[in-house]
Every structure is written in structure tokens, then in C-alpha cells.
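Colleague: Could you have a look at this structure, given as C-alpha cells, before my questions?
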Amino acid sequence: MLAAVAAASYNGDPVFAKGITLGVWIIELVKLVAVFAIIMVGVLFMVMYERKAVAYLGNRWGPNRAGPKGWLQSLADGLKLFFKEALVPEGADRWVYRAAPVIAMVPVMVSFSVIPIGDTVTVAGYTTRLQLADPPWGILVMLMASSISVYGVMLAGWASGSKYPLIGAVRASAQMISYEAALGLTVATVVVLTGSLHTSAIVAAQHGGVLYHWNVFRAYGLPAAIFFVAITAEMTRPPFDLVEAEEELAGGYNMEYSSIGFALFYLAEYAALVTNSAFFVTLFLGGPDGPYWHTIGPLWFVIKVLAVLYVYVWIRATLPRLRYDQLMDLGWKKLIPASLAMLLIVAAGHISWRWGLAALSGSLFAFILLSRAIEVGRTQVEEGAQAELESP
Amino acid sequence: MTADLVELLKAKTSEGAQEMLARNEETVRQLRHEAGGVLRLPEGVTLDYGDVDYERPDDETMILNLGPSHPSTHGVLRVMVEIRGEQVLRTKPVIGYLHTGMEKTGEELMYHQGSTNVTRMDYLSPFFNELAYSLSVEKVAGMDLPERAGWIRMLMCELNRIASHLLWLATNGADLGAINMLVYGWRDREVLLSFFEKVTGLRMNHNYIRPGGVAADLPDGWRDDVNAICDVVLRRMDEYDNLLTGQPVLQNRMDGVGPLDAATAVGLGLTGPLLRSTGVTYDVRRDFPYLLYDQVDFDVIVGTGGDCWDRFAIRVNEIRESVRIVRQVAKMMPKGDYRTQDKKFTPPPRNRIDESMEALIHHFKLFTEGFRVPPGDAYVPVESPRGELGCYIVSDGTSRPYRVHVRAPSFANLQGLAPMARGGFIPDVIACISSIDPVLGDVDR
């Protein structure tokens with residue numbers, strides 16, 4: 001309750017309190033460059049982090065030639081890509097083909113701007129938050145960005161004018177839209193808990209106490225898991241990487257891309273990975289909050305993001321890919337009902353424990369009904385198929 | 001005149017168009033052919049195409065070309081797939097991209113040179129090619145095989161089966177998206193390959209099993225190596241049970257995918273794990289024992305569902321069975337000659353050449369003219385990791401075979417792809433190709 005009251009009187013970045021002066025301009029410019037740099041360095045690091053970690057999990061060394069212990073490999077790869085010839089296939093829709101990588105890249109960059117990396121700092125009399133923007137619609141920027149980046153993937157596949165990317169694009173649009181519902185519902189759960197859309201308020205509400213203030217515990221765990229699975233599917237990371245599906249579609253939507261176009265897709269994919277891990281930390285793991293030493297918030301933030309990123313790498317190294325219909329089953333039949341039920345339970349529990357209990361029992365009842373409905377539907381389909389087989 | 005002749009020859013030798021057309025452009029006969037499974041008919045019965053039911057919808061379908069260069073077609077297999085959305089309506093494997101004419105080459109090589117040629121066909125199980133060839137030559141020539149040679153051959157073949165199945169586990173994992181399984185499988189196969197290198201001098205294409213025995217005796221300390229390999233393989237198999245078998249995502253990807261029934265499998269001539277997955281208990285090692293397989297104790301692993309999951313389980317368990325056989329062989333290995341001492345087939349030992357003129361002449365004649373084999377023919381099948389691998393040899397009495405034909409399991413098994421993949425999704429086609437485990441060197445020869 002206290003958090004909700006605090007959030008109601010919450011305003012954006014305190015740096016704007018005295019009006020927009022030259023100092024404010026400079027501060028915002030510095031933060032802008034810093035966020036861009038963080039994403040770029042994060043992507044370069046992440047590519048290597050993943051390759052190294054997957055290699056060690058798979059009994060290999062991984063890249064170890066370029067730079068100290070191979071850590072400059074991704075930089076070298078990026079530079080190489082930018083000097084390659086940019087081909088546009090014969091059957092491609094030229095403008096859409098060129099625009100698609102940018103459409104995939106920009107929203108991811110934009111969404112990083114609302115992530116609070118730390119608390120406020122005071123520089124030359126100006127007190128400002130360690131985040132580029134703190135708009136009142138805060139966390140919705142993330143949903144917006146993930147919705148728009150679907151277009152990048154979809155248009156790329158469609159505009160390439162070849163079959164594999166087309167199948168990839170069809171898969172992409174269906175997959176990303178399906179998982180957006182579960183994603184939105186879990187974000188709504190957090191917003192209910194916090195009472196504000198400000199990302200800084202979401203983080204502030206999780207401060208204090210030791211760990212149990214974090215939303216992952218306050219929302220009873222399940223929404224965090226659903227959010228994690230949903231953003232994995234949203235980013236088309238393994239095991240949900242049907243869009244690229246190296247072994248089936250041989251690269252999928254970005255198959256026809258070369259040079260900068262391909263580099264931008266690669267960049268967008270890993271930037272999305274870093275950004276969404278940061279969102280996971282912000283929404284559920286308390287952002288820059290740590291058990292001790294609250295002044296080093298950014299460090300705690302980085303540690304948590306690295307831990308979340310490792311989980312992604314681990315999953316990639318271990319799990320096989322799901323099939324398209326299994327993916328849809330998971331999204332529509334499991335994640336969306338579960339996230340809806342958790343939203344109700346958390347919201348009701350926020351009022352009083354009696355309401356929470358009522359919502360829980362209601363959800364359980366609905367769960368039984370739903371599984372019965374799915375069961376009946378499946379048997380009917382099977383019986384139909386059987387009848388079709390037996391009919392002369 | 002010549003133009004007519006060319007046209008005639010073209011028509012006579014044509015293998016038909018390899019392209020698959022979209023549903024609304026395809027001939028009715030072709031569609032019925034795809035839907036009816038002509039190859040399932042018993043011998044002597046011809047198919048009335050009017051009987052076969054087929055579906056010809058009006059909406060558009062897409063022809064997708066998987067391969068010949070595709071990450072998961074195991075080499076240069078090309079599969080044309082007709083899809084509606086994600087659903088696969090028809091598939092058509094197109095082969096021949098790795099055709100090297102090895103069977104024809106075999107006619108130009110002398111009998112003792114032949115095994116160096118056939119070993120390159122199925123490059124993942126080279127010992128089996130050599131074995132099938134050598135057994136056939138021995139049968140035509142009427143050679144007798146020393147007992148120890150038979151045991152050595154069994155040892156190497158069963159180790160090779162483990163290596164081949166481990167590589168299959170690796171590629172199957174990779175095809176389904178478990179990328180690190182690829183590395184694990186190759187890693188474990190490496191253990192076996194270094195043992196092969198120790199014994200034969202080469203990691204692959206060994207030319208070790210030759211008509212009349214094997215090229216060299218086992219090196220000192222081979223028993224310790226073999227025991228160590230068995231231990232490592234069994235320990236790793238438990239790890240893979242953790243990683244793959246108990247993995248619900250993987251199980252969902254394979255369970256019920258690519259089903260085959262026993263009649264189809266037998267009708268198409270499928271053998272090996274593919275046939276056994278449908279419940280047919282056919283294993284050449286047990287049904288037509290060659291070498292000394294009747295003296296060792298092993299189980300023939302059989303499935304029930306005929307789907308990819310059964311094939312996975314069969315291969316995983318066959319590795320364990322092979323370990324069992326290898327341990328028995330290591331225990332029962334007798335002392336004695338490793339190749340026949342018949343002077344007609346085996347050159348004299350090196351130190352005899354220094355002492356005896358006759359030995360030198362004999363050696364020279366054997367390696368320039370080769371040994372003559374009486375006219376006749378023979379076909380000896382062996383159970384390779386992929387199924388029944390047989391070699392048919394016709395001899396015309398000279399030192400070169402008149403005809404060498406290899407009954408390649410991959411070639412026959414590949415026919416199972418079309419009935420397996422029908423009605424599935426694109427990822428299922430990949431899983432099916434993977435579960436057939438074709439080696440394109442074996443398919444095209």
C-alpha cells in the first residue's frame with residue numbers, strides 16, 4: 001500500500017524540476033551516448049560470452065584467437081561484416097528489404113532507455129536518475145518495442161522474395177504475437193503490485209528489506225517464470241528459435257541478408273537479449289537493489305543481468321528446439337491462462353488475503369474446467385481423424 | 001539418324017524428371033504414385049492407378065527444396081517437399097549428388113585391392129563394407145578363415161557400430177536443435193577412432209579387413225584399451241540418458257513423429273533400426289549368423305511404434321548391446337593366425353623373401369596379378385549400423401571381379417522417407433531424415 005501511495009505522487013526525472021537549461025541538455029546528451037555505448041558494448045560482450053560459455057559447456061575452447069583470449073572476436077566479426085558487399089536479391093522488395101533490419105534494431109535501442117541502472121546521482125547541482133528517460137508510461141515502452149520489432153523480422157522474411165525466409169516470417173509473426181499476450185499479462189501483474197508504470201517506481205518499490213521485497217517473491221514466482229519464457233519466445237531465442245531454425249530453415253528470415261543488414265539483425269537480436277534480461281531484472285529481481293551496499297546499485301544490476309544472461313546461454317546449450325504446434329500449445333493453452341490467473345490472484349491478494357484465497361480457488365476451478373475442455377477437444381479431433389480413416 | 005539414336009538412348013536411360021511439380025500442375029499418375037506407395041505391392045501384382053485414392057485440392061501449395069546443401073540433410077541429399085503452410089503433403093528424395101562410380105571401379109581392382117575401394121562407401125562404418133566384401137570374396141574363392149581373424153573382425157565391427165551410433169546421436173541431437181550434443185557425440189567417437197588408428201593405422205577408410213583375414217594383428221595392450229572404451233561409452237550413455245532421453249522437449253519432438261507400419265517397412269525393403277522399430281525382429285547377426293555371432297550372447301532391440309522415438313531408443317540400446325558383445329569378444333579372443341595361411345592368397349612373410357627365391361616370386365605374382373578366384377557368385381549380408389549391408393560378387397575366373405554390387409542399407413532406407421514424412425511438419429521431415437541415418441556415400445556409391 002505504501003508503495004502505491006508513493007507511486008501516486010511520483011514524478012519523472014528530478015533533473016527537469018528546475019526547467020530545461022543548458023546543463024540539463026548536456027546531462028541528457030551524455031546519458032544518451034552512455035546508453036548507446038552500453039548496448040553496443042553489451043552486444044559485443046554478449047556474443048563472446050555466449051560463444052565462450054556454450055563452448056565450455058560443450059567441451060570446446062571457443063574462439064581464442066582475436067585479442068586477449070579471443071575476446072575481440074565479435075568486434076572482428078562485426079568489422080568484417082561491415083566491409084562485405086551488401087547484396088539485394090533479385091526477387092526482393094528493395095525498400096522493405098533495406099528497412100527491415102533498421103525496424104528490428106531501433107525499438108530495442110529505444111526500450112533500453114527506460115531501464116533504471118541505479119538510483120539518483122548528483123552532478124554539478126543537478127540530481128538525475130541513472131536512466132535515460134523516465135516517462136509516465138514507463139514499462140509500456142518495452143511492450144511497444146517488442147511489438148514493433150516483430151515487424152522487422154516479418155518484413156525481412158517477406159521482402160527477401162524467397163521461400164525459407166517467408167516461412168520464417170510466417171512463423172515469426174504468429175509466434176511473437178501469441179507470446180505478447182502472456183508477456184503483457186505478467187507485466188500487468190507487476191504493475192498491479194507497484195501501482196505505477198514508472199520503471200523507477202517499480203524498482204523503488206522493491207528496495208528495502210532483504211530480497212523478499214523483490215517482485216519475484218511478491219508475485220509468488222510464477223509470473224516471473226512466465227515472463228522469462230515469454231520473452232525468450234518473443235526474442236526467438238532457443239528453444240523457441242523457430243524463426244531462424246538453422247537446421248530446418250537454414251537461417252530463416254535473415255537468410256538472404258549479408259553485410260550491414262545481417263549485422264544489424266545480429267545486433268538487434270543480442271541487444272534484445274541484453275535489454276530484455278535487464279527488464280527481467282528490473283521487473284522481478286529488484287533492479288539495482290542488492291542485499292548490502294546500496295550505493296553500488298549499478299554493480300548489483302550488472303551482476304544480476306549477467307546471471308540472467310547465463311541462464312539463456314545455458315538453455316541454448318542444452319534444450320532441443322520445440323516444434324511450431326508445441327510452441328503454440330505452450331503459449332495459448334498454458335502460459336496465457338496461467339498468467340491471467342496469476343494476475344487475478346496477485347491483484348486480489350493485494351487487497352486482502354481472503355480475496356487472494358478466493359481468486360486462487362476460482363483459478364483452480366477454472367484450470368480444471370480448461371484442462372477438461374482441452375481434453376474433450378483433443379479426443380474429438382482424434383475421433384474425427386479415426387472416423388475419417390475408417391470411412392470407406 | 002544419330003539424332004534419333006540419341007533421342008532413343010535418352011528415352012531408354014531416362015530416370016524421369018527429378019523435379020517435383022506443384023499439386024495443380026502434377027500429373028494424376030504421379031500424385032497417385034505418391035499417395036499409393038507402389039513399392040508396397042507384393043511381387044507379381046501390378047497397381048491399378050485408378051484404385052488409388054488421392055487428394056487434389058484447389059488451393060496453392062509450395063514446393064520447398066531442402067538441399068543438396070542444407071545443414072541437416074546429412075551431406076548432399078536433396079529432398080523436394082510439397083507443403084501447405086507448415087504441413088508436408090509429399091516428399092521426394094533426389095539422390096546422385098555424391099555418385100562416384102565405386103562399384104564400377106571395383107571391377108577394375110584385383111580382389112586384394114577391393115576392400116580399399118569399398119571401405120569408402122559408407123564412410124561412417126567402413127569396417128562393415130570391408131567385412132561384407134571380404135566375406136563375399138571368401139565365399140566365392142572358398143577360403144577358410146582362421147578363428148582369431150573372425151573374432152578380430154567382430155571386435156572391430158562392434159566398436160565401429162558404437163562409433164556410428166554415437167555419431168548418429170550427435171547429428172540427431174543437432175538436427176533437433178540440441179547443439180551441444182553434436183560436440184559430445186563427436187568427442188566420444190574420437191575415443192573409438194583413436195583405437196582404430198592404433199590398430200589399423202587410419203582413423204577412417206581402414207582397409208583393415210581383407211579377403212582372407214585382417215591386415216594386421218591387434219597391438220599389445222588392446223584388451224586394456226577396449227575395456228577402457230567400454231567403460232567410457234557406458235558412462236557417457238548414462239549422461240546422454242540424462243541430457244536427451246529424459247528430456248520432455250526432445251521426446252515431444254520424436255514421439256509419434258514419422259510413423260511406419262511393419263508392412264510398409266518390409267515392402268520398401270527397409271532394414272536395420274528402421275525395420276526393427278516397427279516390431280519386425282530382423283537382425284542379420286541373429287537370423288543369418290556370419291563370423292562367430294552364434295557364439296556370443298546379445299539381444300536384438302525391437303520397437304513397437306515405428307516412430308522416431310523408437311528408432312532413437314533402439315540405437316541408444318544397440319550401443320549398450322554392442323558394448324556387451326565387445327566385452328564377450330575381448331574375453332573369448334583365441335590365439336592363432338590373424339589371416340589365412342593358404343599360400344595362394346596370402347603373401348609369404350617378409351623375412352622369407354630374403355631367404356627364398358620362390359617366396360619372392362610368389363610375393364611378386366600375388367601383388368601384380370593377384371589371386372585367381374573360380375567362376376561363380378556370392379552374396380553375403382552383414383548387419384551394419386544402418387541395416388543389411390550385402391556385397392554381391394560375380395567372378396569370371398580372373399583375378400578381378402566381373403561385377404561388384406553393394407546392397408546399401410542407406411539407399412533402401414531412404415525410400416522410407418516419403419511415407420514417414422507425409423502429414424507431418426517441416427521440422428518432422430528433418431527428424432525423419434535424421435532417424436533414417438542415411439550416409440550419402442552409401443546411397444550413391
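The values are calculated or read from the model by the stated rules, or taken from the named source; none is laboratory data. Source: prediction; values computed, not measured. Methodologically, a virtual Cβ is constructed for each residue, glycine included, from the backbone with ideal geometry; neighbour enumeration extends over all protein chains shown.
Colleague: Give A:Phe262, A:Phe279, A:Phe284 a once-over and let me know the one that is in contact with a helix residue (DSSP H, G or I) (Cβ under 9 Å, 6 or more places away or on another chain), farther than 29 Å from A:Gln206 by Cβ and of a type in the set (A, V, I, L, M, F, W, C).
Modeller: Result: A:Phe262 is the single residue among A:Phe262, A:Phe279, A:Phe284 that is in contact with a helix residue (DSSP H, G or I) (Cβ under 9 Å, 6 or more places away or on another chain), farther than 29 Å from A:Gln206 by Cβ and of a type in the set (A, V, I, L, M, F, W, C).
Colleague: While we're here: Only one residue in B:Val266, B:Val233, B:Val284, B:Val199 is β-branched (Val, Ile, Thr), more than 20 Å from B:Ser125 (Cα to Cα) and more than 14 Å from every other protein chain (Cβ to nearest Cβ), so which one is that?
Modeller: Criteria check complete, one pass: B:Val266.
Residues are listed down the side, and each one gets a yes or a no for (1) under 30 Å from A:Ala76 (Cβ atoms); (2) within 18 Å of the chain's Cα centre (by Cα):
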| site | (1), (2) |
| --- | --- |
| A:Val229 | no, yes |
| A:Arg237 | yes, yes |
| A:Phe240 | yes, yes |
| A:Tyr253 | yes, no |
| A:Leu264 | yes, yes |
| A:Phe284 | no, yes |
| A:Asp289 | no, no |
| A:Phe301 | yes, yes |
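Colleague: Would you tally the residues in segment B:149-187 being of a type in the set (Ser, Thr, Tyr), within 21 Å of B:Ser134 (Cβ to Cβ) and more than 16 Å from the chain's Cα centre (by Cα)?
Modeller: Qualifying residue count, segment B:149-187: 0.
Colleague: Report yes if A:Leu267 is of a type in the set (A, V, I, L, M), more than 14 Å from chain B (Cβ to nearest Cβ) and either out of contact with any strand residue (DSSP E or B) (no Cβ under 9 Å at 6 or more places or on another chain) or part of a helix (DSSP H, G or I) (or both), otherwise no.
Modeller: Answer is yes for this residue.
Colleague: What number of residues within segment A:209-230 satisfy the criterion of being without any contact (Cβ under 8 Å) to a residue 24 or more places away in the chain and either assigned to a loop (DSSP other than H, G, I, E, B) or among the charged types (D, E, K, R) (or both)?
Modeller: Total meeting the criteria: 3.
Colleague: Follow-up question, since we're still on this one. Of the conditions (1) at pLDDT 90 or above; (2) within 14 Å of chain A (Cβ to nearest Cβ); (3) touching a Leu at 6+ places or on another chain (Cβ under 7 Å), B:Arg311 satisfies every one except a single condition; which number is it?
Modeller: Of everything listed in (1) at pLDDT 90 or above; (2) within 14 Å of chain A (Cβ to nearest Cβ); (3) touching a Leu at 6+ places or on another chain (Cβ under 7 Å), B:Arg311 misses just condition (2).
Colleague: Based on what the data block shows, is A:Val192 surrounded by 20 or more Cβ atoms within 10 Å (Cβ to Cβ) and part of a helix (DSSP H, G or I)? Working first, answer last.
Modeller: Working: surrounded by 20 or more Cβ atoms within 10 Å (Cβ to Cβ): no; part of a helix (DSSP H, G or I): yes.
In short, no.
Colleague: Looking at (1) closer than 21 Å to A:Val305 by Cβ; (2) without any contact (Cβ under 8 Å) to a residue 12 or more places away in the chain, which one does A:Glu246 not meet, given that it meets all the others?
Modeller: Of everything listed in (1) closer than 21 Å to A:Val305 by Cβ; (2) without any contact (Cβ under 8 Å) to a residue 12 or more places away in the chain, A:Glu246 misses just condition (1).
Colleague: Could we say that B:Gly221 is in contact (Cβ under 8 Å) with a residue 12 or more places away in the chain and either out of contact with any strand residue (DSSP E or B) (no Cβ under 7 Å at 6 or more places or on another chain) or surrounded by fewer than 21 Cβ atoms within 10 Å (Cβ to Cβ) (or both) here?
Modeller: no
Colleague: Checking the structure you have, find out if any residue of segment B:325-337 is touching a Cys at 6+ places or on another chain (Cβ under 9 Å) and among the charged types (D, E, K, R).
Modeller: Yes; the residues of segment B:325-337 include at least one that is touching a Cys at 6+ places or on another chain (Cβ under 9 Å) and among the charged types (D, E, K, R).
Colleague: I would also like to ask the following. Which ones in segment B:246-272 are in a helix (DSSP H, G or I) and either among the basic types (Lys, Arg) or at pLDDT 85 or above (or both)?
Modeller: B:Pro248, B:Val249, B:Leu250, B:Gln251, B:Asn252, B:Arg253, B:Met254, B:Ala262, B:Ala265, B:Val266
Colleague: Shifting gears a bit: Among A:Ala272, A:Ala182, A:Ala201, A:Ala233, which is the only one that is assigned to a helix (DSSP H, G or I) and over 17 Å from the mean Cα position of the chain (by Cα)?
Modeller: Result: A:Ala201 is the single residue among A:Ala272, A:Ala182, A:Ala201, A:Ala233 that is assigned to a helix (DSSP H, G or I) and over 17 Å from the mean Cα position of the chain (by Cα).
Colleague: Before we move on, is A:Tyr212 away from chain B (no Cβ under 14 Å) and under 15 Å from the mean Cα position of the chain (by Cα)?
Modeller: no
For (1) crowded, with 19+ Cβ neighbours inside 10 Å; (2) within 19 Å of B:Gly390 (Cβ to Cβ); (3) of a type outside the set (S, T, N, Q), each residue gets a yes or a no:
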site	(1), (2), (3)
B:Pro68	no, no, yes
B:Ser125	yes, yes, no
B:Leu131	yes, yes, yes
B:Val137	yes, yes, yes
B:Ala149	yes, no, yes
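Colleague: Check A:Gly195 against each of (1) within 14 Å of another protein chain (Cβ to nearest Cβ); (2) at positive phi; (3) small (Gly, Ala, Ser) and name the one condition it does not meet.
Modeller: Every condition holds for A:Gly195 apart from (1).
Colleague: Could you please find all residues in segment A:286-295 being free of Cβ contacts under 8 Å to residues at least 40 places away in the same chain and either closer than 18 Å to A:Arg237 by Cβ or loosely packed, with under 14 Cβ neighbours inside 10 Å (or both)?
Modeller: A:Tyr292, A:Trp293, A:Thr295 - these are the residues of segment A:286-295 that are free of Cβ contacts under 8 Å to residues at least 40 places away in the same chain and either closer than 18 Å to A:Arg237 by Cβ or loosely packed, with under 14 Cβ neighbours inside 10 Å (or both).
Colleague: Condition check: within 14 Å of chain B (Cβ to nearest Cβ), surrounded by fewer than 24 Cβ atoms within 10 Å (Cβ to Cβ) and either modelled with pLDDT under 85 or more than 30 Å from A:His207 (Cα to Cα) (or both). Does A:Glu246 satisfy that?
Modeller: Yes.
Colleague: Let me ask something additional. Could you tell me whether segment A:126-139 includes any residue that is surrounded by 21 or more Cβ atoms within 10 Å (Cβ to Cβ), within 14 Å of chain B (Cβ to nearest Cβ), in contact with an Asp or Glu (Cβ under 7 Å, 6 or more places away or on another chain) and farther than 18 Å from A:His350 by Cα?
Modeller: No, segment A:126-139 has no match at all.
Colleague: Just to be sure, is B:Leu192 under 22 Å from B:Trp151 (Cα atoms), outside any helix (DSSP H, G or I) and of a type outside the set (Lys, Arg)?
Modeller: Taking the combined requirement at face value, the residue does not satisfy it.
Colleague: One residue is enough: does segment B:288-302 have a residue meeting the conditions crowded, with 20+ Cβ neighbours inside 10 Å, within 20 Å of B:Ser164 (Cα to Cα), touching a residue at least 40 places away in the same chain (Cβ under 8 Å) and of a type outside the set (Phe, Trp, Tyr)?
Modeller: So far as segment B:288-302 goes, no, none of its residues is crowded, with 20+ Cβ neighbours inside 10 Å, within 20 Å of B:Ser164 (Cα to Cα), touching a residue at least 40 places away in the same chain (Cβ under 8 Å) and of a type outside the set (Phe, Trp, Tyr).
Colleague: Could you tell me which of the residues A:Ala348, A:Ala359 is at pLDDT below 85 and within 31 Å of the chain's Cα centre (by Cα)? Walk me through it before giving the result.
Modeller: On the way: A:Ala348 fails: at pLDDT below 85.
Only one candidate qualifies: A:Ala359.
Yes/no matrix, rows are residues, columns are (1) over 30 Å from B:Leu182 (Cβ atoms); (2) small (Gly, Ala, Ser):
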position	(1), (2)
A:Trp300	yes, no
A:Asp325	no, no
A:Ala347	yes, yes
A:Ser363	yes, yes
A:Ala366	yes, yes
A:Ala373	yes, yes
A:Thr379	yes, no
A:Gly384	yes, yes
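Colleague: Find all pairs meeting these conditions: Cβ atoms under 8 angstrom apart; at least six residues apart or on different chains; first residue within segment A:43-72 and farther than 18 Å from B:Ala174 by Cα and within 14 Å of chain B (Cβ to nearest Cβ); second residue of a type in the set (A, V, I, L, M) and surrounded by 16 or more Cβ atoms within 10 Å (Cβ to Cβ).
Modeller: Between residues of segment A:43-72 that are farther than 18 Å from B:Ala174 by Cα and within 14 Å of chain B (Cβ to nearest Cβ) and residues that are of a type in the set (A, V, I, L, M) and surrounded by 16 or more Cβ atoms within 10 Å (Cβ to Cβ), the close pairs are A:Trp61/A:Ala55.
Colleague: Can B:Leu291 be described as modelled with pLDDT under 90 and within 30 Å of B:Gly213 (Cα to Cα)?
Modeller: Working: modelled with pLDDT under 90: yes; within 30 Å of B:Gly213 (Cα to Cα): yes.
When the stated conditions are applied, B:Leu291 passes them.
Colleague: Enumerate the helices (runs of 4 or more DSSP H) found wholly within segment B:1-113, keeping only those where 2 or more residues are at pLDDT 70 or above.
Modeller: In segment B:1-113, the matching helices (runs of 4 or more DSSP H) lie at B:2-13, B:102-108.
Colleague: Turning to a different aspect of this structure: Would you mind stating whether A:Tyr257 is over 12 Å from the mean Cα position of the chain (by Cα) and surrounded by fewer than 22 Cβ atoms within 10 Å (Cβ to Cβ)?
Modeller: The answer is no for A:Tyr257.
Colleague: Then there's this: May I ask you to verify whether B:Met143 is at pLDDT 90 or above and closer than 29 Å to B:Gln341 by Cα? Reasoning before the result, please.
Modeller: Numbers: at pLDDT 90 or above: no; closer than 29 Å to B:Gln341 by Cα: yes.
So B:Met143 fails the test.
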